[in-house]
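Notes to accompany the following structure.
The values are calculated or read from the model by the stated rules, or taken from the named source; none is laboratory data. Because the structure is a prediction, the values reported are computed rather than measured. For neighbour counting, all protein chains shown are included, and Cβ atoms are generated from backbone atoms with ideal geometry for every residue, glycine included.
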């Protein structure tokens with residue numbers, strides 16, 4: 001069954017089958033249902049976890065996490081028009097209380113989050129592919145302050161790339177043209 005153009009479907013959880021609005025072609029690259037399903041299968045149960053969704057676009061990753069039981073999600077989206085659509089998707093799925101949208105450049109958002117001391121269990125990162133090298137450097141410097149001990153970075157990139165954020169990936173698979181790399185952050189006690 002083909003989905004209508006301009007929509008993305010929540011794959012599982014309490015909002016399974018609900019559709020998200022998608023901006024005009026080219027404005028965002030929503031993670032496909034197949035890739036989202038594979039990511040969440042690899043993560044296992046996520047009930048009660050906290051999520052940071054960088055480069056959120058439609059919010060498909062963060063909203064999928066909330067549908068599957070995550071406690072809250074902070075969505076970061078730079079483009080104002082896309083952030084407005086993201087807010088509409090959050091409202092349509094009734095996740096206003098569990099969500100916060102930061103309409104800012106990802107670096108500015110990370111600095112702001114860092115100042116508050118807020119930490120997360122899951123960090124979804126799906127930048128425009130051309131930005132991947134810059135994003136990797138920025139995240140490598142900040143990831144230990146953003147994630148709880150045992151937190152996981154889930155990074156989407158092009159099939160031929162090999163990102164690692166300075167750590168050995170615990171998961172690295174290719175689905176079509178998309179590579180999914182997961183890195184677990186462990187702190188070593190002093």
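Confirm whether residue 148 is under 26 Å from residue 22 (Cβ atoms) and either part of a strand (DSSP E or B) or at pLDDT 95 or above (or both). No. Scanning segment 72-79 for any residue that is within 13 Å of the chain's Cα centre (by Cα) and assigned to a loop (DSSP other than H, G, I, E, B) turns up at least one such residue. What about residue 29, is it surrounded by fewer than 22 Cβ atoms within 10 Å (Cβ to Cβ), more than 28 Å from residue 171 (Cα to Cα), in contact with a helix residue (DSSP H, G or I) (Cβ under 9 Å, 6 or more places away or on another chain) and at pLDDT below 95? Answer is no for this residue.
Annotation: of all residues in segment 133-143 being over 21 Å from residue 29 (Cβ atoms) and more than 17 Å from the chain's Cα centre (by Cα), the one that is modelled with the highest pLDDT is 137.
Tell me, yes or no, whether segment 44-67 has at least one residue that is touching a strand residue (DSSP E or B) at 6+ places or on another chain (Cβ under 9 Å), surrounded by 14 or more Cβ atoms within 10 Å (Cβ to Cβ), farther than 18 Å from residue 125 by Cβ and at pLDDT 95 or above.
So far as segment 44-67 goes, no, none of its residues is touching a strand residue (DSSP E or B) at 6+ places or on another chain (Cβ under 9 Å), surrounded by 14 or more Cβ atoms within 10 Å (Cβ to Cβ), farther than 18 Å from residue 125 by Cβ and at pLDDT 95 or above.
In this structure, is residue 94 over 17 Å from the mean Cα position of the chain (by Cα), surrounded by 12 or more Cβ atoms within 10 Å (Cβ to Cβ) and not in a strand (DSSP E or B)? Talk me through it step by step, then tell me what you get.
Numbers: over 17 Å from the mean Cα position of the chain (by Cα): yes; surrounded by 12 or more Cβ atoms within 10 Å (Cβ to Cβ): yes; not in a strand (DSSP E or B): yes.
It is true that residue 94 is over 17 Å from the mean Cα position of the chain (by Cα), surrounded by 12 or more Cβ atoms within 10 Å (Cβ to Cβ) and not in a strand (DSSP E or B).
Of all residues in segment 151-170, none are modelled with pLDDT of 90 or more, loosely packed, with under 13 Cβ neighbours inside 10 Å and assigned to a strand (DSSP E or B).
Pick from segment 1-26 the residues that are outside any loop (DSSP other than H, G, I, E, B) and at pLDDT below 85: which of them is surrounded by the most Cβ atoms within 10 Å (Cβ to Cβ)? If we take residues in segment 1-26 being outside any loop (DSSP other than H, G, I, E, B) and at pLDDT below 85, then 7 is surrounded by the most Cβ atoms within 10 Å (Cβ to Cβ).
In the set 87, 107, 100, 115, only one residue is without any contact (Cβ under 8 Å) to a residue 40 or more places away in the chain, surrounded by fewer than 18 Cβ atoms within 10 Å (Cβ to Cβ) and part of a strand (DSSP E or B); that residue is 100.
Remark: pairs (first residue in segment 48-61, within 9 Å of residue 72 (Cα to Cα); second residue modelled with pLDDT under 95; Cβ separation under 7 Å; 6+ apart in sequence or on different chains) = 52/146.
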